[in-house]
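Here the structure is laid out as structure tokens; the discussion comes afterwards.
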Amino acid sequence: MRSKSIYSIILVLLITVFTTSVYAVENLKWVSGGTKVDVGDKLATFKIPDQLTYLNKEDTITVQKEFGNSASSREIGSVYPTSDKENWYVVMEYDEVGHIMDDEQNNIDKDAILKSYKEGTEEHNKDRKPEEQIHVVGWHVPPSYDAKTHTLQWSMLAEDNKKNPIINYNLQMLTRKGYVSFILVSDPATLAQDKKILTEQIMPQFQLKEGNRYSDYDASTDKLAEFGLTGLVLGGLGLAVAKKIGILALILVFLKKAWIIVILVLGGIFKVVTNIFKKKKAHVMEPSSDSQEATDPNPSVEKTPIVESNASSTPSNQTDSTSSSNDNSKTM
């Protein structure tokens, strides 16, 4: 039954606002909650919370390509719910840009950053068709830095020409030589509670290894990043660059880096496939009694075997279902 539940949520997540085929889920190495894995190149450990499941770097990249996102190899893993009643997922990325000084933590000019985003976006809109234009409304969550955990969070609210809201939620953990991004993709109706899962369940289980923590910085050997916290809010490109190109151009850059937009679609983007996975549950093969070991690039599995799901066929009514979602959504 657990295999059926996992298969259901996989279908819900894979058939989103992107018109894409359902990926052959039996090829993914799903790792169960309660398992502890190594993440990145000796970067950190992650104990997968109960009721959640994890994909390693390679499978995360595969899934992102199925979603229609460009992959950059900065991905280090991703986390998904096992319940088909939850509509979210988190992608983790690591960017070794150098040590980011946090001396701006009390001086992040939120108004200046917002003004830059708005002006740059409207300038860029001049080169886009009306139906492709995006307008920045304001901060959904203003930039804030937690000096104890060395984490920066912020979220920008925008909308398309039909007033459909679009939010990109960003949470970054500073490290000795760069930062880890936790990118949440969520249903609008459950965004608040899904953010709580990220901050209260996922983040505490992600532990940087000794030598990679922010406090391990060695000024005599480690390089400094060319930007600080303000530059990180502006996408890691630095304030001067961001002022010129605006949010939409930044997004085009970050899509190449697998920067994923949190898209708020009226009515919910995951609901459309409910009938599909209900019909297909009967065709899901029960897992065999033989378990396999998790195959992360840097394996450190302590406990639970892989959760795999096998489908005998892909949904035949996929095209009709996804088209109804596309009619009500816009991406940046």
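When the residues of region 206-229 are filtered to those that are touching a strand residue (DSSP E or B) at 6+ places or on another chain (Cβ under 8 Å) and hydroxyl-bearing (Ser, Thr, Tyr), the one that is farthest from GLY34 (Cα to Cα) is TYR217. Restricted to strands (runs of 3 or more DSSP E) entirely inside region 159-268, those with at least 2 residues that are among the aliphatic types (A, V, I, L, M) and at pLDDT 90 or above are 165-174.
Condition test on GLY138, is it touching a residue at least 24 places away in the same chain (Cβ under 8 Å) and closer than 16 Å to MET92 by Cβ? In short, no. Screening LYS57 with (1) under 23 Å from the mean Cα position of the chain (by Cα); (2) surrounded by fewer than 22 Cβ atoms within 10 Å (Cβ to Cβ); (3) farther than 25 Å from VAL233 by Cβ gives one miss only, at (2). Screening LYS85 with (1) surrounded by fewer than 18 Cβ atoms within 10 Å (Cβ to Cβ); (2) at pLDDT below 90; (3) within 18 Å of the chain's Cα centre (by Cα) gives one miss only, at (3).
Scan region 37-54 for residues that are surrounded by fewer than 19 Cβ atoms within 10 Å (Cβ to Cβ) and either under 22 Å from LYS195 (Cα atoms) or at pLDDT below 90 (or both) and jot them down.
Of region 37-54, the ones surrounded by fewer than 19 Cβ atoms within 10 Å (Cβ to Cβ) are 41-42, 45, 47, 49-51.
The answer is THR45, LYS47, PRO49, ASP50, GLN51.
From the list SER83, SER78, the one residue that fits, being assigned to a strand (DSSP E or B), among the hydroxyl-bearing types (Ser, Thr, Tyr) and on the phi < 0 side of the Ramachandran plot, is SER78. Among the conditions (1) out of contact with any helix residue (DSSP H, G or I) (no Cβ under 8 Å at 6 or more places or on another chain); (2) in a helix (DSSP H, G or I), the only one that GLU93 does not satisfy is (2).
The values are calculated or read from the model by the stated rules, or taken from the named source; none is laboratory data. Quantities reported herein were computed from a predicted structural model and do not represent experimental measurements. Positions of Cβ are backbone-derived with ideal geometry, glycine not excepted, and every protein chain shown enters the neighbour counts.
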